[in-house]
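All remarks here apply to the structure that follows.
Readers should treat all values here as calculations from the given coordinates under stated rules, not as data from a laboratory. Quick caveat, the model's predicted, so the values are computed rather than measured. All Cβ positions, even for glycine, are placed from backbone atoms using ideal geometry, and neighbour counts span all protein chains on display.
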Ligand SMILES: Nc1ncnc2c1ncn2[C@@H]1O[C@H](COP(=O)(O)OP(=O)(O)OP(=O)(O)O)[C@@H](O)[C@H]1O
């Protein structure tokens, strides 16, 4: 969709912002530009809609050289979102969103109807449309900025640090929203950020720049994390790049088995079969809340949960939140090792089952892919409302349990329960 062919940008003051950049940005994908301050990300982005013209080289959008198109027309056909939302302060939210359709001559009624529809699309209440930008929070303003960029349904969206000015919680929400929108709308998005975690989360491809406007590497997130081209990229990705890789790999392939019977800690389920907490059998310790995970959750989330669970076991649930089995810390480690091995060895599907935030997907109980884990005890306990964890043809169902957690069945509870 967007092609840079040996594009160079040198400003009149002699600064080279972009150095002979050749890069393809695929249709319907999110290409993230990352790199330290001043390395040419924004200039690269702005050359796509001709806010900046290149010194030499060619940029094509949809196969057409941008320099052969009228700059104003080109800009209207490409959505653009910036950090401070860039909303017009004296126009209502609805009129802000309707800006481009009005410029395109849609007529006020149609433009406003489209704006109202987009308010809902970006998760804002209808009454927000009547307010002025200063009457909204920073996160809400950014949503309006996204709605405005989408108003004329452009195939391409340019986003320059759009979530840079909001707090981390809101930032994560906005990222989730963008991923959700992108699943529906399938735009070609170019996204600039300083934040490598954001890049890994959002990008289908990540382009890493270094100062002087040099592109160092462009790859899918998993490939970048597993095989950084050089020390600069490795440093930029940070010391935890191994963990970041786990954030891209789902839990789906990790074996699960029934919560073994008996033990010091009991997994309490509610009446619908959803895991609630680990409970100590003698009541010597407070309940430890459980964060149940679905197949679409990441190995990183699983590792984290297994570290905080007193048993080292992760409770896994289906799309309705009902227990489907448990996985041990060791099996999660093995899954992590396998993800890294795939990443090192080939262009293989490290992120094939890429973990995506809040992506609903049915989680089917599966037979575990390995033999009976050490230390496993017994079979699943039948619960009043809970599910029956799966067994394979060999009856090898239990995940490996950490040493010392086998034992007797836990104390009764009014809730349904599984024990370890
Ligand atoms: N209009 C301009 N005139 C002269 N130099 C410029 C101009 N715009 C940008 N530059 C310079 O070009 C280089 C690249 O700037 P650019 O804004 O593209 O970097 P960036 O990677 O987006 O930086 P940041 O992450 O800080 O926004 C910088 O050295 C900057 O000072």
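Miscellaneous remarks
- Put the Cα centre of region 111-159 next to the Cα centre of region 164-180 and the gap is 15 Å.
- Here region 237-321 is described by how far its Cα atoms reach on the three principal axes: 45, 28, 18 Å, from widest to narrowest.
- Per residue, the convex hull spanned by the alpha carbons of region 186-300 comes to 172 Å³.
- Cβ crowding within 10 Å averaged over residues, with 335-342, 306-313, 242-249 ranked highest first: 242-249, 306-313, 335-342
- For peptides 286-294, 192-200, sequence by mean Cβ density within 10 Å, most packed first: 192-200, 286-294
- Sequence ranges 121-127, 27-33, ranked by mean other-Cβ count within 10 angstrom, highest first: 27-33, 121-127
- Put simply, the convex hull of the Cα atoms in region 112-229 casts, on average, a shadow of 8.3 nm².
- Going from the residue with the fewest nearby Cβ atoms within 10 Å to the one with the most, 9, 110 rank 110, 9.
- For region 2-245, share of DSSP beta bridges that run antiparallel, in % to the nearest 5: 50 percent
- Across the alpha-carbon set of region 2-245, the Rg to Rh ratio works out to 0.97, Rh being the Kirkwood radius.
- Ascending count of other beta-carbon atoms within 10 Å, so fewest first, for 22, 327: 22, 327
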